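Undergrad: Next up is a structure, given as structure tokens.
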Amino acid sequence: MSTAPSVLCPHAPRGRWVAASLTGLPLLFAFVAFGQLALVEGAAPTPARFAAPLALTICTLGSTWLLRRQLPGHDRVLLPLITLLIGWGLAEVARLAPPVFLQRQTLWMVLGSGALLAAALIPQGLRWLERFRYTWLLIGLLLLGMTFFLGVNPSGAGARLWLGAGGIYFQPSELLKLLMIVFLASYLAQRRAALLEVNLQLHRWRIPHPAYWGPLLLMWGFSMLLLLWQRDLGAGLLFFGVFLAMFYVAMGQGRYVLASLVLLIGAGALGYHVFDVVALRVDAWLNPWREASGRSFQIVQALLAFASGGVFGQGLGQGLPGAIPVVHTDFVFAAVGEEYGLLGTLGLVAAFMLLVARAFRIALCCRRTFEQLLAVGIGTLFGLQSLVIMAGTLKLIPLTGVTLPFVSYGGSSLLISMTMVGLLVRLSAHASAVRRAMPGESAP
């Protein structure tokens, strides 16, 4: 991977008013959304109704102040951007779910803010992540494996993908996403030269020697096996996509990606005949109207929600997104489409595009291969996960059960996503410090 010149890496917005606007506007959006909900419900806008946006404000302002003091060169777009998405998500949870869900999501947001700061400000830097790659991945696999014996489902039915105690539930596959990215970034950074130079002749093909790609595929394949065994197909798809993206960025070999996509299509065809859940989702994608009141009820209601939203939407609290089952998790994008309209959905898409673009820009600015691959992996995960759930909700692809990062209800997803943003903040600050220390480089 090559490093871009410093002119491509501006991280800190210039001007006090610009910085204040980046922080204040997302918070204002959250308060306005909760105020609108209070008016629609005919309730008095008491301070208790604004507890969630107030907690978001305290976490955001505290994190902003601390990061600017400790990491002055960090990317100052990241925190306001996820503040917008989290505030939007809290408003949707308040709109679509019982009050206890909002309380839980707010608590997870507070914990996520602490995790973000811990990832960004840990004194030893990120070399400890790179050094103990097998340890982190084995921890994630162990937690995922525990769900076979101790797994629960908070709803009382369905796949048991959570570990729970005292009314608090955590989904290990969310943590495994981050640990897998760390493992791949570390392994590919260390073995990249060997994978490129040490080849095995197979007829007319030259492939990397199994001694180097064997451990990589073994660990990744075991993770995929556990996920498929649990029928967590959405997480499995994300793992596959992130693996391909990071492998391509590290190796620059498009033929491996093409071969992997062919294998993915074959695995999808096999899964259609083996797993009932895959067949159900493919059939619902091809023709949801055949069983509009039965197995395809969710996707049909989502399409009707988008249609009723039009360009400008019904207004927050004015639509009927509650007609969609589990709308606060898998189908929150349909609720946005109905009540915020086309403009709202495009705005949400633009926010995720900007988040991915900032992650890739940080990757360009990093000097070390591990840091570059780590930023690419995080950006790819955010982009792919958002794309998969939004396209599935719109019936562009078969639906997969993943959350919309920062917006859908889900404490595990929110906690790990905020931790990933903390790593991006740390990477951007380190890249900025390295550029300032080098002769001929100017600060952003």
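Undergrad: If amide H atoms are built 1.01 Å from N in the plane of the peptide, which residues on other chains or at least 5 residues away come under 5 Å of the amide H of Gln314?
TA: Glu339, Tyr340, Gly341
Undergrad: What does the convex hull of the Cα atoms of segment 6-437 come to per residue, in Å³, rounded to a whole number?
TA: Dividing the Cα hull volume of segment 6-437 by its residue count gives 160 Å³.
Undergrad: For segment 48-196, give the magnitude of the charge dipole about the Cα centre (Cβ charges: +1 Lys/Arg, -1 Asp/Glu; no others), in debye to the nearest 20. The partial results should precede the final answer.
TA: Details: 13 positive and 4 negative charges, 54 e Å.
Using Cβ point charges on Lys, Arg, Asp and Glu, segment 48-196 gives about 260 debye.
Undergrad: Moving on. With θ set to phi - 60° and the Karplus curve 6.51 cos²θ - 1.76 cosθ + 1.60, what are the ³J(HN,Hα) couplings of segment 26-43 in order, to the nearest whole Hz, using x for Gly and Pro?
TA: My calculation for segment 26-43 gives x, 5, 4, 4, 5, 5, 5, 4, 5, x, 5, 4, 5, 5, 5, 7, x, 9 Hz in order.
Undergrad: Quick one: 3J(HN,Hα) in Hz for segment 309-321, Karplus 6.51/-1.76/1.60 with θ = phi - 60°, rounded, Gly and Pro as x.
TA: Once rounded to whole Hz, the list reads x, x, 7, 9, x, 7, x, 4, x, 9, x, 10, x.
Undergrad: First check a/c for segment 116-188, with a ≥ b ≥ c the square roots of the eigenvalues of its C-alpha gyration tensor; if it is under 1.5, answer rounded, and if not, answer prolate when a/b is larger than b/c or oblate otherwise. Walk me through the numbers before you get to the answer.
TA: Values: a/c = 3.10, a/b = 1.89, b/c = 1.64.
It comes out prolate by the Cα gyration axes.
Just so you know, all these numbers are worked out from the coordinates, no wet-lab data involved. Source: prediction; values computed, not measured. Glycine also receives a Cβ, built like all others from the backbone with ideal geometry; neighbour counts cover every protein chain displayed.
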